[in-house]
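The values are calculated or read from the model by the stated rules, or taken from the named source; none is laboratory data. A quick note: this is a predicted structure, and the numbers were derived from the prediction, not measured. Neighbour counts run over all protein chains shown; Cβ positions are idealised from the backbone, glycine included. The accessibility values were calculated without ligands, DNA or RNA, using every heavy atom of the protein model including side chains. Shrake-Rupley method; radii C 1.70, N 1.55, O 1.52, S 1.80 Å.
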Amino acid sequence: MLLDPPGRPGWPQELPHWPCVQAVDAALLARGIPPGLVRANINSIRWDLAGYMLLQWDSSRTHGHGGIRLNWEEHKGWSYALLGLNPDDVLLSSVLIPIETSYADPEAITDVAQELVMRRLPQGRYRTEWPGAKRARAAASDFRRTAFGLASVGSRMGEETTEGEGVQLTIDTQRDTYEQAIAAVQAA
């Protein structure tokens, strides 16, 4: 079981995707295939402050002659790597095609992880989103906005939008910096 992250000094709040990390870890633990290594963090500003998660099983936890690594990046989705006996030796790395949504249901991630740990390529397709996906996306958007010094949109981001409803964005060209303006556009 994972401990709650203490938050990052100088950052406006804790990791916005942490509930997703906890849900995936809990599902893996319940299935009896907990990873030996779990990392979650935020990428640098160069990569849009996107959240990521890394789950790794070394050779002692897999069937075969090496380990497995699952990677999740907020804007890219899921990928995997087959590792050698040394976890730094990546033998194969690829997009995880069976997972068709970025915030996938933790049970789907667990199904895929179980196949990979057994050294089998997953055959199914997984399109179901994790129930907390909408809230996690809103939290990530607010995280980026506040990191760039913009006001948080708050609960409005988690609300349903109706067909034809748009987003109104105001950028003060006298006060807002270029970075703040770009962050506001990306958050919208």
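Descriptive notes on the structure:
- Linear extension gain, Ser94 paired with Val185, 0.36 nm per residue minus alpha-carbon span: 29.7 nm
- Across region 36-87, the volume of the C-alpha convex hull divided among the residues equals 71 Å³ per residue.
- Spin-label model distance (nm) - Thr170 vs Glu107, 7 Å beyond Cα toward Cβ: 4.6
- The order of Ile109, Ile171 by accessible area, most exposed first and with a 1.4 Å probe, is Ile171, Ile109.
- Distance cut-off 31 Å, percentage of C-alpha pairs in the chain lying past it: 24
- Whole-Hz ³J(HN,Hα) from phi, Karplus 6.51 cos²θ - 1.76 cosθ + 1.60, for region 176-188, glycine and proline x: 6, 7, 4, 4, 5, 5, 4, 4, 5, 5, 5, 5, 5
- Largest to smallest accessible area among Asp176, Asp142 [probe 1.4 Å]: Asp176, Asp142
- Net charge over other residues, Cβ less than 12 angstrom from the Cβ of Pro106 (K, R count +1; D, E count -1): -4
- Met118 accessible area, assembled protein chains, probe 1.4 Å, Å²: 70
- Accessible carbon and sulfur surface of the chain relative to its total accessible area, %, 1.4 Å: 51
- Sequence-distant residues sharing a close amide H with Asn43 (under 5 Å, placed H): Ala50, Gly51, Tyr52
- In order along region 68-82, phi translates into HN-Hα couplings of 9, 10, 9, 10, 10, 10, 3, 8, 10, x, 9, 9, 9, 9, 8 Hz, rounded to whole numbers, per the Karplus curve 6.51 cos²θ - 1.76 cosθ + 1.60 with θ = phi - 60° and x for Gly and Pro.
- Ranking Tyr178, Tyr80, Tyr52 from most to least accessible surface, computed with a 1.4 Å probe over the protein chains only, gives Tyr178, Tyr52, Tyr80.
- Contour minus Cα-Cα distance for Tyr178 and His65 (0.36 nm per residue): 35.7 nm
- DSSP beta bridge pairing in the chain, given as percent antiparallel to the nearest 5: 95
- Per residue solvent-accessible surface (Å²) - region 45-111, probe of 1.4 Å: 48
- GNM on the chain, alpha-carbon springs under 10 angstrom: the most fluctuating residue among Asn41, Asn71, Asn86 is Asn86.
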